[in-house]
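Have a look at the structure below, then the notes.
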Amino acid sequence: MRGMVYRGVRGTLRCMGDAENMNDTIAALATPPLMGAIGVIRLSGGDAIEIAGKVISGKSGDALDSFPARQLCLGLVRDPSGDVLDEALAVVFPGPDSYTGDDVVELHCHGSPALLREVLRLLYAGGARPAQPGEFTRRAFLHGRMDLAQAEAVIDLISAETALAARNAAGQLGGALSRAIEEIWSSICDLCAHFQALVDYPEDDIPPLPTPDIIESLRRIGARLLGLASTYDRGKILREGVPCALIGKPNTGKSSLLNALLGYERAIVTAQPGTTRDTLVESLHMGGHWLRIADTAGLRNPSGDVAERMGIDRAREAARKAGLVLVVLDGSRSLDGKDGEALDMARGRATIVLLNKSDLPHHADVDIAAIEASFPEVCRVSALTGQGLDALDRMIGRVLDAGAGAGAGIHAGGTLLTNLRHAEAVTGAAEAVASAADALGAGFTADVVLTELESALSNLGEITGRDLSADIIDRVFSRFCVGK
Ligand code: GDP
């Protein structure tokens, strides 16, 4: 039964437990439930045209099923008594060449939430049922309109926080990642076929492939997989923002600065040193970059209580992982060993030193030139007045654009892994391929090598959806919103 893994999954999508639901016609709002110029309602299913046709018809009374396919047509939305509710556009996408593979109808109504609710109510009364989160894209996947990596790209595209993140997601939606995975999949399949034959027909004269050549191929495939896995660090930045640590001893104004940057009160600000015990993480745009800022507990004497020590460790950890470290010093007071400790944490990292409280007189002991000797980017700011924040914005842009920061230099064409599930699967596949090469080199039998190769395929299959358990599919689609 060994051949099942790659025989069964090549080009085959498994549809699990969806048979009855897949026959339903679903409807949902595809735009946010807020007031807007327009609101789009989408229907998908065998009865989509019939059900939508009960609600909308052409202005001169022509039925929806006579509308030309894939063209926006003006119509009137009426309630069952014939009263006009809206003048709207409708477009019919006959299956299977639609987003979901079913017949799909979109109604572009005016964007009043009350109106849209009423239109949906009529559609549900007409036989549609409310769509589950992600159900449209789930159908697209189950109908083979896209693979799982592409389906996940849809949600990445919807939730992209920057143009670069959108570009990468669009590339993945276009199949860039899937193609890269498919190529590797196919090379492994070829090798599998060879070892499968050796296992199934040991007595036959199967022309031997030179072992060193196979090991070389496996090493090449493994290196490619590891190269792909290594893109996750950059992909994560693309998706989540440049990790940025805000460190400094207590009371220098870190929480106040975070608040000033965010423009609202998120961190607890207090005159008592050491209040920010935990780490807050906020995302914001600065200097043209998307930053994920962690405000860590202030640096205090480690003889403090446990919670505080954990906070300090967290600050150290955040600084170590950060693509940009913001060290906050109180420029109105003389510096001490704790300030030196904060600066030490930032050494070797892309760093900006913030001399906060610039609204107060600058303390004569704070030697800016001496700080600049180690950290060229020093910015005088005031969290209280907002002074210097514009300069900080420009400085962040300069530092990250210059390539010192972890977010710099990302070229997103769709082959950056942005999803932990994908990164783990690619790493798992790389390990299995390495084990196959090791097994072959150590003279193990064909079935041992084959087992490792099957494991590699199974890992890769999880990415595109070739070999999936229902719960993985459920996990993926539970991330979607209704209407997508
Ligand atoms: P943290 O412990 O580093 O997070 O410091 P906080 O943000 O809690 O601030 C400590 C104290 O310094 C509070 O009383 C703040 O109001 C004050 N503070 C923070 N930033 C400034 C500033 O720019 N100017 C002045 N004058 N006071 C500030």
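The values are calculated or read from the model by the stated rules, or taken from the named source; none is laboratory data. It should be emphasised that the depicted structure is a prediction, and the values quoted were computed from it without experimental measurement. All Cβ positions, even for glycine, are placed from backbone atoms using ideal geometry, and neighbour counts span all protein chains on display. Only protein heavy atoms, including side chains, enter the accessible area calculation; ligands, DNA and RNA are left aside. Shrake-Rupley method; radii C 1.70, N 1.55, O 1.52, S 1.80 Å.
Where does each of 459-466, 378-385 land if you order them by average Cβ count within 10 Å, highest first?
459-466, 378-385
LYS59: which lysines have alpha carbons under 22 Å from its alpha carbon, excluding same-chain residues fewer than 8 sequence positions away?
none
Among 62-75, 31-44, what's the highest-first ranking by average C-beta atoms within 10 angstrom per residue?
Values: 62-75: 14.9, 31-44: 17.9.
Going from most to least packed, we get 31-44, 62-75.
In nanometres, what is the gap between the two model label sites at LEU34 and LEU89, each 7 Å from Cα along Cα-to-Cβ?
Going by the 7 Å Cα→Cβ label model, 2.1 nm.
Which lysines does LYS321 reach when only Cα atoms under 28 Å apart count, and residues fewer than 8 places away in its own chain are ignored?
Correct list for LYS321: LYS236, LYS249, LYS254, LYS338, LYS357.
Excluding ligands, DNA and RNA, what is the solvent-accessible area per residue of the stretch 110-185 at a probe of 1.4 Å, expressed in Å²? Working shown, then result.
Numbers: 2860 Å² over 76 residues.
Result: 38 Å² per residue.
Mind checking the per residue accessible area of the stretch 14-101 for me, 1.4 Å probe, whole number of Å²? Numbers along the way, then the final one.
Details: 4470 Å² over 88 residues.
On a per-residue basis, the stretch 14-101 sits at 51 Å².
Among 368-376, 212-220, what's the highest-first ranking by average C-beta atoms within 10 angstrom per residue?
Descending mean neighbour count gives 212-220, 368-376.
Carbon-plus-sulfur fraction of the accessible area of the stretch 150-229, 1.4 Å probe, in percent?
The nonpolar share, carbon plus sulfur, comes to 57 percent.
Keeping every protein chain present and rolling a 1.4 Å probe, give me the accessible area per residue for the stretch 312-445 in Å². Walk me through the intermediate numbers first.
On the way: 5940 Å² over 134 residues.
Ligands and nucleic acids excluded, the figure is 44 Å² per residue.
Which whole-angstrom value gives the distance between the alpha carbon centres of the stretch 103-119 and the stretch 40-93?
10 Å
What accessible area, in Å² to the nearest ten, does a 1.4 Å probe give for LYS357?
Answer for LYS357: close to 50 Å² accessible.
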